[in-house]
Every structure is written in structure tokens, then in C-alpha cells.
Amino acid sequence: MSRDATAFIGDNLKLEPVPSLPGVVLYTAHPGSRLSRLVTPDDAAPYWAYQWAGGLALAQHIRAQPQLVAGKRVLDLGAGSGLVGIVAAQAGAMASAAEIDANGQAAIALNAAANGVALPLVAVDIAGDAPTGLDMILGGDVFYLAEVAQRMLPFLQRCVTAGMDVLIGDPGRRDLPINRLSAVASYAVGDVGDARTTTERVGTVYRLLA
């Protein structure tokens, strides 16, 4: 991960509480962050600098039912800020995070430290085989683009076939493979991430079917 990104995030983003998750804080972008000084046109969009509806719903679900992850080997896939993995670790999971963006990796390390949990980064290739040594995959907002969804679903299906439980958090995006999912619970997530038109947004947690 980038030392420059770590310093920039620590100096320019605000460490703020997550309203729906008492005891959780995240480094979050604000109008004065000037992320353009860190993120170049060649970088991925700074998803790691904001809360997102699917991740918030998934984190709230874990907070409400910690027995789902306690004592299990859990991966926060496409982790962004690391929110889902942080809440899983707080609930007693042996949690890790997969994030390909170097700035996101820096944010995850800072956020995990700020919340007093260990959230090691692991490399995952969604074009490859299902990872080993895991009990559960947690994917918040992993179907946000059509081209990502086309690669993500086969990978997650390989994970289910390998015996892992796969939970997805999403606010109902166009590319969500709803026919392959079973809804588990829904949570109010407010005006976050890509939801700028309503304060009544809902995020749903789904289980990927075998």
C-alpha cells in the first residue's frame, strides 16, 4: 500500500462515526478533502472514501446477528473502506479483506487500526478459483457495474460450490443477479455513496443460492 496515500487519508479525511453502527468510525471524504490531489485519472474511483448502501446493510446485519460470523474465517470482498470486515472482526470473526485499489488498501489499514481490529489484506483473483481456508464471503456493493457483475457472479458461485456461505449487500442495482439470490433482511441506509436523491434508501442482504 502507498505511504503517500496513508498520509493523505490521515491528514485530509475526517475520522467520523458511522451513525447506524455505534462504535465504528471511518476515514470519510468531505468537501475539503480534495481527493483529486490523491486520485489521478488512471486510478479507480475512490469508493473507499465513502459509505455505501450495500456495505452498510451487510454491516448492520452482522451487528444484529453476530453469531453468523463469530469464530468463522470471513473475507470482506471488494472491501472499499473495510467497513464490513471491521464489523465482522468486532463480532468475533477471523476477518480479512480483499481490495485491489492501493488507496483503498491504505484506507482499510487506517480504518481497522482506528477501530482496534485486525483486518489483514489478502489477494483474490475473481477470474480464478475459489479461495481456500474461508467459511464465508461478504460482498457489499460488488455488483455496481455490468462488467464487474459478469465476472463476480461466476466467482461467487465457485465459492458456494466450494462450501462457503456468500452474503451480498446491495440497494437493488440494475446488475444484481436477483434470480440467483435469496433475500435475508433489509435495513435503512439513508443518503450514502451513490444515493444522492433520497434519504429513505434501503439496502438488502441476500444469500447466494447454490
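Kindly indicate which of E200, E147 is more than 14 Å from V74 (Cβ to Cβ), modelled with pLDDT under 95 and in a helix (DSSP H, G or I). None of the others qualify; the one that does is E147. No other residue among D165, D129, D135, D125 is at pLDDT 95 or above, charged (D, E, K, R), touching a Lys or Arg at 6+ places or on another chain (Cβ under 6 Å) and surrounded by fewer than 18 Cβ atoms within 10 Å (Cβ to Cβ) apart from D135. Looking at segment 169-177, is at least one residue of a type in the set (D, E), within 23 Å of A45 (Cα to Cα), in a strand (DSSP E or B) and in contact (Cβ under 8 Å) with a residue 24 or more places away in the chain? Among the residues of segment 169-177, at least one is of a type in the set (D, E), within 23 Å of A45 (Cα to Cα), in a strand (DSSP E or B) and in contact (Cβ under 8 Å) with a residue 24 or more places away in the chain, which makes the answer yes. Here's a check for you: in segment 125-138, which residue that is aliphatic (A, V, I, L, M) and touching an Asp or Glu at 6+ places or on another chain (Cβ under 9 Å) is farthest from I100 (Cα to Cα)? This residue is M136. Total residues in segment 138-156 satisfying the condition of being in contact with a strand residue (DSSP E or B) (Cβ under 8 Å, 6 or more places away or on another chain) and within 11 Å of R173 (Cβ to Cβ): the figure is 3.
Considering (1) closer than 17 Å to T28 by Cα; (2) in a loop (DSSP other than H, G, I, E, B), the lone condition that I126 does not fulfil carries the number (1). The residues in segment 138-159 that are surrounded by fewer than 18 Cβ atoms within 10 Å (Cβ to Cβ) and in contact (Cβ under 8 Å) with a residue 40 or more places away in the chain can be counted, and the count is 1.
Restricting D11, D42, D76 to those that are in contact (Cβ under 8 Å) with a residue 12 or more places away in the chain and among the acidic types (D, E) reduces the list to D76.
The values are calculated or read from the model by the stated rules, or taken from the named source; none is laboratory data. Not measured: the values here are computed from a predicted model. Here Cβ is always computed from backbone atoms with ideal geometry, including for glycine, and neighbour counts include all displayed protein chains.
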